[in-house]
Amino acid sequence: MRLNKKALAAIVFLLLLTVIAATGCGGSTTTVDSSNDVRDSGGDGEGDFVEGDDGRTAEEKSAAEEALNYVHDANPGSVFKVVDISVADGWARVAVEEMEVPAEEAVGFGVYLRKITGGEWEVAQTGTGVSPEDLPDAPEEIFEP
């Protein structure tokens with residue numbers, strides 16, 4: 001089977017579009033709409049998804065809610081919980097971990113957020129191994145576990 005140049009170019013173009021769509025167009029900053037609801041897997045609210053919810057500030061809870069909304073939107077079919085929150089100077093790191101899977105298969109990572117105009121949280125970076133060099137405007141306290 002031999003493909004002509006136009007057919008091969010069309011296939012490559014479609015594959016490229018698929019890769020771009022799958023990676024979110026390559027951007028690392030996403031604005032999260034605070035009107036989204038935290039996903040519920042049978043519990044009675046946000047406290048079921050945030051370990052040590054007692055004593056959390058309103059800012060910590062709102063950052064956790066935004067992080068959960070983001071990771072659930074990015075990972076349909078998976079349920080996550082917040083295992084740690086650090087908030088300082090308009091920035092937050094929310095450590096999340098996958099639920100409802102065997103411990104050895106659970107995925108965990110950090111969601112780094114910053115406050116934007118209007119007091120909403122914006123996801124600036126996600127992943128493991130994020131450092132102050134990756135987010136130079138963020139205070140160092142949010143990188144400390």
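The values are calculated or read from the model by the stated rules, or taken from the named source; none is laboratory data. Keep in mind that this is a model prediction, so the values were computed, not measured. We place every Cβ from the backbone using ideal geometry, glycine too, and count neighbours over all the protein chains shown.
Residues in the range 120-135 that are surrounded by 14 or more Cβ atoms within 10 Å (Cβ to Cβ) and not hydrophobic (A, V, I, L, M, F, W, C): Glu120, Glu122, Gln125, Thr126, Asp134. Exposed (fewer than 13 other Cβ atoms within 10 Å of the Cβ) and not in a helix (DSSP H, G or I) - does that describe any residue in the range 90-99? Checked against the condition, which is being exposed (fewer than 13 other Cβ atoms within 10 Å of the Cβ) and not in a helix (DSSP H, G or I), the range 90-99 yields no hits at all.
Residues are listed down the side, and each one gets a yes or a no for (1) modelled with pLDDT under 65; (2) basic (Lys, Arg):
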residue: Ser34; (1), (2): yes, no
residue: Ser41; (1), (2): yes, no
residue: Asp44; (1), (2): yes, no
residue: Phe49; (1), (2): yes, no
residue: Asp54; (1), (2): no, no
residue: Lys61; (1), (2): no, yes
residue: Leu68; (1), (2): no, no
residue: Asp73; (1), (2): no, no
residue: Gly77; (1), (2): no, no
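I'm trying to understand the selection: among the residues of the range 69-89, which are of a type outside the set (Val, Ile, Thr) and not in a strand (DSSP E or B)? Explain how you work it out, then say what you get.
Going residue by residue through the range 69-89, those that are of a type outside the set (Val, Ile, Thr) are 69-70, 72-78, 80-81, 84, 86, 88-89.
Scanning the range 69-89 gives Asn69, Tyr70, His72, Asp73, Ala74, Asn75, Pro76, Gly77, Ser78, Asp89.
Beta carbons closer than 6 Å, at least 6 apart along the sequence or on distinct chains, pair a first residue in the range 86-105 that is closer than 14 Å to Leu68 by Cβ with a second that is acidic (Asp, Glu) and at pLDDT 90 or above for Ala95/Asp84.
Pick from the range 100-144 the residues that are outside any loop (DSSP other than H, G, I, E, B) and over 16 Å from the mean Cα position of the chain (by Cα): which of them is modelled with the lowest pLDDT? Reasoning before the result, please.
First, the residues of the range 100-144 that are outside any loop (DSSP other than H, G, I, E, B): 103-105, 108-115, 121-127, 140-143.
Applying the additional criterion that residues be over 16 Å from the mean Cα position of the chain (by Cα) yields 103-105, 140-141.
On the way: Ala103: 82, Glu104: 85, Glu105: 85, Glu140: 93, Glu141: 92.
Among residues in the range 100-144 that are outside any loop (DSSP other than H, G, I, E, B) and over 16 Å from the mean Cα position of the chain (by Cα), the one modelled with the lowest pLDDT is Ala103.
Number of residues in the range 100-119 that are surrounded by 12 or more Cβ atoms within 10 Å (Cβ to Cβ) and closer than 18 Å to Ala74 by Cβ: the value is 10.
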